[in-house]
Number of protein chains: 2
Amino acid sequence: MNDVANAVMDAAERRMRSGGFNGFSFREIAEDVGVKSSSVHYHFPTKEKLAAAVVRRYTDRLGEAIDEELALGADPYDVLSSSFRKTVHSANRMCPITVLGAGSLDLPEEVGVEVQRFFKMCLDKLTGRGLSENEAAELLATITGAMVVSAALGDLEAFDRATTDLVRNHVSHQASSSAASLGG
Amino acid sequence: MNDVANAVMDAAERRMRSGGFNGFSFREIAEDVGVKSSSVHYHFPTKEKLAAAVVRRYTDRLGEAIDEELALGADPYDVLSSSFRKTVHSANRMCPITVLGAGSLDLPEEVGVEVQRFFKMCLDKLTGRGLSENEAAELLATITGAMVVSAALGDLEAFDRATTDLVRNHVSHQASSSAASLGG
DNA sequence: CATGATCTATCTGTTGGTAGATAGATACGC
DNA sequence: GCGTATCTATCTACCAACAGATAGATCATG
C-alpha cells in the first residue's frame, strides 16, 4: 500500500464519518488527496471496494488496539467504551462503521460483509473475556447508540450520560460475582 | 394534507429507513407514488423540507403512541422498548430517524433540528416518568444501538439479546426501590 | 374565470466509471 | 551498457445516468 492509496482511505474514512456510503464521491476524495478522480479509481476500481477496504482497515486497527489494552489486564468493557469515547470526543465525533451500519439495509454486499465483521469482532472481544452473549450485545448496543444519540443531539456529554451508569453496574456486577453480593 | 402529500411522505420515510437523507431522490419517490417528480416538488419544494416533514410526522406519531400506552400505566421503558422492537421485527426493520441521526454530522439544518426534537422527545418521555437523566440516556442509547447492530448483522434476535437483560435489570431496580431489596 | 394540482420539458451540476495518452521506473536479453 | 518491453501511477477527456430544481402549459373543479 503506497502513500496515495492510504491517503485515499484516510479521506474516505473521514467523509464516511458524516455521510456514510452515499456521503462521499470519487471527486471529493480526489480533491482531498490532491489527485484526479481517475487516480482514485486506479487504486480502488469501484466505490464498493474502496468502502470495504476502509472498513476492513478500521476493524483491524481497532481490533489490534483492543488486544493491546486487554493484554494489560484492563476490563473488556472499559477498553471498548473508552475507545469509542475517544472517537466521540475527538474531532471526528463519530465512528464511520456505525454510520454505515445504521444505513446498512441498502449497502453494497461487499461493504455489508465488512461491517458485519466489525460488529462481530467487537462482540467476540467481549465474550472472549467471559461476558455472556446478552451482556456483550447490550454493552455494544449501548455504546453504539450513545454515539448516535450524542451526535444527533450535538451534545458530547450525552455519550457520557448514557454510559457512566453502565460502567458502575458492570463493575458492581463483577464485584458481586467475584466477591459475593453486597446487597443494594 | 392531501393524499399525494401523504403518499410522498410515506415513500420518503420508507426509503429513508435504508438510506438516510442521501438514500432517496425525488424521481424515486415520484415513481413510488405514481406521479412526476415535479409534483413532489409542488408539495415539498426542497429535499430538506420533505425530510424535515417526514421526521416531524414520525416524532408526533410515536409521541402520541407512547402517551396512549403510558396512560394505561405501562412502564415507560417497556413502552419505548416494545415500540422500537415492533419496528425492528416489522418489514421496515429500522427506524428512519436513527439512520438520519447516525449520519447527522452533515445533515441540512432543518432536518437536524427535527432529528434532535425526536431524540429529546424520547428522553423527555422517560425522565417525565421518574427516570434520571442518566437512566433515560442509557435506555435510549441501548435501544438505538440495538437497532443499528441488529440491522448491521442482519440478525433480528440481536436486538432482543441486547435489550432483554436491560428489561430484567430495570424491573429488578423498580422492585428493589419500591419493595425493598431481595438481594442477588 | 380562478385556484390547486398535475403535467412536459428543460436547466445545471454531479455521479460512478472508462479509454487512452503519458511519464517514469524496473527488468531482461544481448 | 544499451535497447526494449513491461509495469506503475498518474493524467486529460469523456460518457451516460441521475441529481435537485424551475418554468410554463394543461386540466379539472368549484
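The values are calculated or read from the model by the stated rules, or taken from the named source; none is laboratory data. Quick caveat: nothing in here was measured; it's all calculated off a predicted structure. Here the Cβ is made from the backbone with ideal geometry for all residues, glycine too, and neighbour counts use every protein chain on show.
Annotations
- Filter pass, B:Val35 being more than 8 Å from DNA strand D (Cβ to nearest atom), in a loop (DSSP other than H, G, I, E, B) and touching a residue at least 24 places away in the same chain (Cβ under 8 Å): yes
- Index of the failed condition, B:His89 passing every other in (1) more than 15 Å from the chain's Cα centre (by Cα); (2) in contact (Cβ under 8 Å) with a residue 12 or more places away in the chain; (3) farther than 21 Å from A:Arg93 by Cβ: (1)
- Residue satisfying all of: in segment B:50-67; loosely packed, with under 15 Cβ neighbours inside 10 Å and of a type in the set (D, E, K, R); nearest to B:Thr87 (Cα to Cα) among these: B:Arg61
- Only residues that are outside any loop (DSSP other than H, G, I, E, B), of a type in the set (A, V, I, L, M) and away from chain A (no Cβ under 11 Å) were counted in segment B:73-102, giving 3.
- Failed criterion for B:Ser25 (all others in (1) within 13 Å of chain A (Cβ to nearest Cβ); (2) surrounded by fewer than 19 Cβ atoms within 10 Å (Cβ to Cβ); (3) more than 13 Å from DNA strand C (Cβ to nearest atom) hold): (3)
- The sole residue among A:Asp124, A:Asp160 that is out of contact with any helix residue (DSSP H, G or I) (no Cβ under 7 Å at 6 or more places or on another chain), surrounded by fewer than 16 Cβ atoms within 10 Å (Cβ to Cβ), at pLDDT 90 or above and closer than 20 Å to A:Tyr77 by Cα is A:Asp124.
- B:Met1 falls short of the stated requirement of being more than 13 Å from DNA strand C (Cβ to nearest atom) and either at pLDDT 95 or above or over 30 Å from A:Arg17 (Cα atoms) (or both).
- The residue list B:Leu131, B:Leu105, B:Leu70 contains one member that is modelled with pLDDT under 95, part of a loop (DSSP other than H, G, I, E, B) and surrounded by fewer than 21 Cβ atoms within 10 Å (Cβ to Cβ), which is B:Leu131.
- Count of segment B:140-155 residues which are within 7 Å of chain A (Cβ to nearest Cβ) and either crowded, with 24+ Cβ neighbours inside 10 Å or within 11 Å of the chain's Cα centre (by Cα) (or both): 11
- Scanning segment B:40-61 for residues that are within 9 Å of DNA strand D (Cβ to nearest atom) and out of contact with any helix residue (DSSP H, G or I) (no Cβ under 6 Å at 6 or more places or on another chain) yields B:His41, B:Tyr42, B:Pro45, B:Thr46, B:Lys47, B:Lys49.
- Top-ranked residue of segment A:33-48 - restricted to ones that are surrounded by 15 or more Cβ atoms within 10 Å (Cβ to Cβ) and closer than 20 Å to A:Ile97 by Cβ, ranked as farthest from DNA strand C (Cβ to nearest atom): A:Phe44
- None of B:Arg17, B:Arg56, B:Arg27 is farther than 20 Å from B:Phe119 by Cα and in a helix (DSSP H, G or I) except B:Arg27.
- Any hit, segment A:75-82, residues being more than 16 Å from DNA strand C (Cβ to nearest atom) and under 18 Å from A:Met16 (Cα atoms): no
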